[in-house]
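Take a look at the structure below.
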Amino acid sequence: MNYYVLIIFAPILIITGLAGFLIPSGKSLTSGASPYNIFHIIFGIPGTAIALSQHDPSIRAFNIGFGFIDLYQAVASFLHLFPESHFKWKRADDVLHILIGAFLVAVGICAS
């Protein structure tokens with residue numbers, strides 16, 4: 001299950017980062033800040049490589065680790081912590097971070 005989640009999720013991170021550069025920020029429900037887009041691409045590339053490796057412990061670690069990063073981003077947005085001023089999250093980002101973060105952590109911990 002971890003493999004299937006990451007093989008789908010990691011390329012979506014890359015696409016999200018690229019789309020953030022193409023969609024005008026005024027027309028996007030999510031942040032279009034350049035550092036935020038780069039963040040998605042930077043994590044999507046190794047995530048894809050890890051998924052393609054089919055090394056289960058690494059895949060599981062990525063899902064759990066990135067899930068916690070997503071959850072941190074929701075907390076950071078709410079509490080105005082780093083990197084809020086760089087990523088310029090919108091409310092939709094917060095909702096996605098909570099949902100995706102919780103899902104990734106749960107899959108990483110519970111799924112075999």
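Under the condition of being loosely packed, with under 15 Cβ neighbours inside 10 Å and either among the aliphatic types (A, V, I, L, M) or at pLDDT 95 or above (or both), the residues counted in region 20-31 number 4.
Total residues in region 32-57 satisfying the condition of being within 19 Å of D70 (Cα to Cα) and at pLDDT 95 or above: the figure is 18. Annotation: of all residues in region 75-87 being touching a residue at least 24 places away in the same chain (Cβ under 8 Å) and surrounded by fewer than 17 Cβ atoms within 10 Å (Cβ to Cβ), the one that is nearest to G26 (Cα to Cα) is H86. Every test in (1) open to solvent by 40 Å² or more (accessible area, probe 1.4 Å); (2) under 11 Å from the mean Cα position of the chain (by Cα); (3) under 16 Å from L13 (Cβ atoms) is passed by P46 save one, and that test is (2).
When region 49-63 is limited to residues that are touching a helix residue (DSSP H, G or I) at 6+ places or on another chain (Cβ under 9 Å) and surrounded by fewer than 18 Cβ atoms within 10 Å (Cβ to Cβ), the one that is farthest from I15 (Cα to Cα) turns out to be D56.
The values are calculated or read from the model by the stated rules, or taken from the named source; none is laboratory data. In this text, all values refer to a predicted model and were calculated from it rather than measured experimentally. Note that we place each Cβ from the backbone using ideal geometry, even for glycine, and neighbour counts take in every protein chain shown. SASA here: full protein model, heavy atoms, side chains in, ligands and nucleic acids out. Shrake-Rupley method; radii C 1.70, N 1.55, O 1.52, S 1.80 Å.
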